[in-house]
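Below is one structure, written out as structure tokens; the observations come after it.
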Amino acid sequence: PDYSVSMKASEDMSYQDTLILAMNREKAAYRLYNDLAARTNDSAAKNLFLVLAQEEAKHKLRFEIEYDENVLKEN
């Protein structure tokens, strides 16, 4: 699987695009950690990867809330 995000950051990005990029990066990290958890038989490593995946999901949710409150309401 490809965990990269095709969208690249730039100095002239809009706030909306910046939030979209952040959400996409968090989603990719979430998928990576979940896949790593599924591929290991080491219970400590599996637990660590699942905790990290959960953290990425929380970050993505924060960006989604920010997007809903500050981008969607403006449009």
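The values are calculated or read from the model by the stated rules, or taken from the named source; none is laboratory data. Source: prediction; values computed, not measured. A quick note on method: Cβ atoms are made from the backbone with ideal geometry, for glycine too, and the neighbour counts reach across all protein chains shown. Areas reflect the complete protein model, heavy atoms only, side chains present, ligands, DNA and RNA absent. Shrake-Rupley method; radii C 1.70, N 1.55, O 1.52, S 1.80 Å.
Using a probe of 1.4 Å, the accessible surface attributed to LEU19 totals some 10 Å² when neighbouring protein chains are kept in position. Here is the list for segment 18-75: GluC sites (Glu not before Pro) lying in DSSP coil, each with at most 12 other C-beta atoms within 10 angstrom of its C-beta, are GLU74. The residues of the chain present an accessible area of 73 Å² per residue when probed at 1.4 Å with all protein chains retained. Among the listed options (1) 1.02; (2) 0.99; (3) 1.09, the one matching Rg/Rh (Cα atoms, Kirkwood Rh) as calculated from these coordinates is (3).
Bridgeable aspartates and glutamates around LYS8 (alpha carbons under 16 Å apart, same-chain partners fewer than 8 residues away excluded): ASP17, GLU26. For the chain, the longest principal axis of the C-alpha atoms and the axis of helix 43-67 are separated by about 10°. For the chain, which whole-number percentage of the solvent-accessible area (1.4 Å probe, protein heavy atoms only) is attributable to carbon and sulfur atoms? Using a 1.4 Å probe with all protein chains present, the chain comes out at 51 percent carbon and sulfur. Loop-located trypsin sites (Lys or Arg not before Pro) in the chain (DSSP state other than H, G, I, E, B) with a sparse environment of at most 10 neighbouring Cβ atoms within 10 Å: LYS8, LYS73. With the chain treated as a Gaussian network of Cα nodes joined by springs under 10 Å, which of ALA28, ALA44, ALA53 yields the largest mean-square fluctuation? Sorting by GNM fluctuation, first place goes to ALA44.
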